[in-house]
Amino acid sequence: MTTFISFSINCKEKSLIIEKILPIVKLTKSKNGETGTATFIFIRPSIFEFEKLWNQSLITGLYLNWANKKIVTNDISIFFENGKPFYLKGIFIFKNSPEWFNFLNFMSSYSEETGLFYE
């Protein structure tokens with residue numbers, strides 16, 4: 001797998017955990033097409049199997065990795081249901097056309113490898 005999504009964590013054992021659950025991805029784009037956002041929602045992501053990570057707030061970032069490139073956000077939130085983590089949301093903000101098109105390249109590669117599709 002050359003295209004993947006991973007989480008960075010703040011602990012000694014591991015620094016990067018590859019996420020196996022496919023996200024729901026919501027996109028917004030400015031009227032002029034220069035900027036936009038991508039919101040990734042992971043319902044019951046595999047990283048939640050490591051209770052210490054979410055219980056001690058050790059998840060520090062969300063990475064989109066492909067072809068020796070990466071896009072990073074630290075804007076992540078965990079939402080709980082009945083006292084247990086239910087979903088994780090990460091928001092990427094793209095401030096110019098090159099960042100937006102870089103993201104679209106990731107999505108193209110990621111969708112080819114995982115079967116995730118978008119319109």
Query raised in the report: Only one of (1) surrounded by fewer than 16 Cβ atoms within 10 Å (Cβ to Cβ); (2) at pLDDT below 90 fails for GLY61. Which number is that?
Result: (1)
Report summary line: GLU34 vs (1) at pLDDT 90 or above; (2) in contact with a Ser or Thr (Cβ under 6 Å, 6 or more places away or on another chain); (3) among the charged types (D, E, K, R): all pass except (1)
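Residue by residue, here is whether (1) assigned to a strand (DSSP E or B); (2) under 12 Å from the mean Cα position of the chain (by Cα); (3) of a type in the set (Val, Ile, Thr) holds:
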| position | (1), (2), (3) |
| --- | --- |
| ILE71 | yes, yes, yes |
| GLU99 | no, no, no |
| PHE103 | no, yes, no |
| LEU116 | no, no, no |
Query - Subset tally (residues that are more than 16 Å from PRO23 (Cα to Cα) and hydroxyl-bearing (Ser, Thr, Tyr)) for segment 68-113 - result: 1
Requested in this report: Output yes when any residue across segment 58-78 is aliphatic (A, V, I, L, M), under 22 Å from LEU116 (Cα atoms), free of Cβ contacts under 8 Å to residues at least 60 places away in the same chain and touching an Asp or Glu at 6+ places or on another chain (Cβ under 6 Å), and no when none is.
Outcome: no
Report task. Please enumerate the residues belonging to segment 79-119 that are of a type in the set (A, V, I, L, M), touching a strand residue (DSSP E or B) at 6+ places or on another chain (Cβ under 6 Å) and free of Cβ contacts under 8 Å to residues at least 40 places away in the same chain. Result -> none
Query raised in the report: Given the conditions (1) within 18 Å of PHE42 (Cβ to Cβ); (2) modelled with pLDDT under 90, which single one is not true for PRO85?
Result: (2)
**Report entry** Selection status of LYS52, of a type in the set (Lys, Arg), loosely packed, with under 12 Cβ neighbours inside 10 Å and either modelled with pLDDT under 90 or in a strand (DSSP E or B) (or both)
**Finding:** yes
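The values are calculated or read from the model by the stated rules, or taken from the named source; none is laboratory data. Keep in mind that what you see is a predicted model, and the values were worked out from it rather than measured. Neighbour counts are summed over all protein chains in view; Cβ atoms, including those assigned to glycine, are modelled from backbone coordinates with ideal geometry.
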